[in-house]
1. Kindly provide the pair-distance distribution of segment 35-131 built from C-alpha pairs, with 10 Å bins from 0 and whole-percent values in order of increasing distance.
2. Under a Cβ-only charge scheme (Lys and Arg +1, Asp and Glu -1), can you give me the dipole magnitude of the chain about the Cα centre, in debye to the nearest 20?
3. Semi-axes of the chain's equivalent ellipsoid from the Cα gyration tensor, sqrt of 5 times each eigenvalue, largest first, rounded to whole Å?
4. Taking only protein heavy atoms and a 1.4 Å probe, what accessible area per residue, in Å², does segment 315-362 have with all protein chains in place?
5. What residues qualify as long-range amide H neighbours of Ala69, i.e. H under 5 Å apart, gap of 5 or more or another chain, H built at 1.01 Å from N?
6. Return the sequence-ordered ³J(HN,Hα) values of segment 384-397 in whole Hz as given by the Karplus equation 6.51 cos²θ - 1.76 cosθ + 1.60 applied to θ = phi - 60°, using x for Gly and Pro.
7. Over 19 Å between Cα atoms: which of Lys97/Lys173; Lys279/Lys396; Lys342/Lys396; Lys228/Lys399; Lys97/Lys154 fall into that group?
8. Calculate one ³J(HN,Hα) per residue across segment 270-284 by plugging θ = phi - 60° into the Karplus curve 6.51 cos²θ - 1.76 cosθ + 1.60, and present them in order as whole Hz with x for glycine and proline.
Amino acid sequence: MKNNLIRGLLAGAILLLPLHATAQVVALDENEEIYQKRSGWLPYIFATDSLGTALGVGGFTAGTIQPQASVFGTGFITSNESALVAGALNNFRFGKKSRFFFDGWLLADHFTDQRFYRGPALLPGESPGGTNDSNEDNYVSGVSNELTLEANFKYRLPIGHLKDDPIAVYRLKEGLVQDGPRGGEIWNPLKSGQTTIGARYFYTYRDLSDVVFNQLENEPVDETLTAKTNGFDFWLEHDNTDFPRNPEAGSRQVFNAYRDFGWLDSDESWTNLQMDLSKYYNLGTSNWFRQKVLALNFWTANTTTWNDSDDETAHRPPPNYGSELGGFDRLRAYPSNRFNDKSAVYYSAELRLIPQTQPLKDIPILNYFQIDWWQVVPFIEAGRVAPEYNADLFFKDLKWDVGVGIRLMAFRAVVRLDFAVGEEGGAAWAMVSQPFSRQGR
């Protein structure tokens with residue numbers, strides 16, 4: 001298992017619960033007349049190879065400011081002197097009748113063993129770090145500091161199910177939808193579904209010191225590298241599913257255009273285009289399962305400004321932006337951003353099964369999290385990165401993995417623990433929200 005395997009107590013997933021508010025959705029219990037305010041906090045502990053043992057605390061409140069809005073914060077420290085703090089405001093509405101919403105995000109961290117899978121070919125016959133054929137030990141590592149800020153402005157178009165109200169209200173029974181603006185029957189944005197446009201401003205500063213450039217030869221280099229980027233992510237989403245938080249039927253399409261204009265202290269300008277398509281099929285119920293859903297996803301990305309020269313690549317996105325695979329959303333058996341290049345493609349299929357039995361809500365301590373259902377999810381993934389956006393990208397030399405997830409609806413949000421195994425080993429990820437469901441990302 002790689003360094004991103006979480007081997008300790010994975011209760012830390014709950015600390016990100018407010019991020020379930022990816023869409024302007026209010027989920028009511030079948031007996032509720034108005035939305036009930038919810039809040040909670042949780043100490044947590046986990047361990048990884050790169051962090052050691054981590055201790056932290058997270059807290060959130062939802063519906064306190066506005067019914068659809070939430071606030072959260074978290075922080076942890078580790079045994080190898082790493083630390084992180086983060087906070088967010090989600091789905092704040094500009095006025096009682098406004099269709100404009102706002103998300104804010106702040107992240108600051110210090111990691112003493114950070115890895116980035118990119119760089120030159122370090123040995124004869126080796127491919128550059130991060131490319132599709134690169135050696136898994138070909139990465140740059142060192143002590144890293146990061147500061148990321150985001151401000152996301154969203155406008156809910158007055159069409160489809162949002163014609164009269166930009167906030168979709170659903171009534172749930174034991175976590176499954178009973179009533180609400182159900183998409184999935186027809187695909188016509190003017191008559192069905194929820195359509196949102198947005199502009200997200202992003203800023204990231206990152207440095208890397210005590211650098212080890214060549215893991216294959218273990219040669220340290222005494223210098224500090226920095227990466228700075230700021231710009232906008234312009235995005236369009238049409239969600240025609242029956243319930244965005246846990247779809248049973250319908251489809252979802254998201255288009256992103258990331259652009260760093262080279263303003264302020266940005267290292268250089270770059271542009272990356274992405275398309276994310278999802279489809280959901282209701283497979284009915286059985287004596288064993290309350291819900292059976294086949295979830296399919298296709299994602300692709302291309303950096304249009306990419307410019308290779310003899311010495312380096314210019315006008316490419318920094319790490320965590322651009323055409324990348326690996327991590328908690330795409331190719332989950334691999335470390336974050338394990339593969340990165342000019343272009344990328346990704347395929348995924350999940351079978352989401354909710355058993356009829358639900359004993360968790362009656363277990364002491366666990367009943368604090370208001371667990372409505374639990375879910376078993378076998379899945380398979382494939383994808384690759386490439387130096388050109390052409391037909392070969394879509395089917396040649398694909399990387400793959402298989403896995404299984406255990407997911408819960410707690411505090412009306414979906415939390416997940418996914419295990420995956422691929423060609424280079426395996427990994428486990430604790431995260432919030434179903435895969436390929438984050439809005440405008």
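The values are calculated or read from the model by the stated rules, or taken from the named source; none is laboratory data. Just so you know, these numbers come straight off a predicted model, no measurement behind them. Positions of Cβ are backbone-derived with ideal geometry, glycine not excepted, and every protein chain shown enters the neighbour counts. For accessibility, only protein heavy atoms count, side chains too; no ligands or nucleic acids. Shrake-Rupley method; radii C 1.70, N 1.55, O 1.52, S 1.80 Å.
1. So the P(r) values, bin by bin, are 14, 28, 24, 20, 11, 3, 0.
2. Charge dipole, the chain, about its Cα centre: 2380 debye, nearest 20.
3. Equivalent ellipsoid of the chain: 35, 24, 22 Å, largest first.
4. I get 28 Å² per residue for segment 315-362.
5. Under 5 Å from the amide H of Ala69: Gly63.
6. Using θ = phi - 60°, the values come out as 6, 10, 7, x, 9, 9, 9, 4, 4, 4, 7, 8, 9, 6 Hz.
7. Lys97/Lys173; Lys279/Lys396; Lys228/Lys399
8. 6, 9, 9, 10, 9, 9, 10, 10, 10, 9, 10, 10, 7, 9, x
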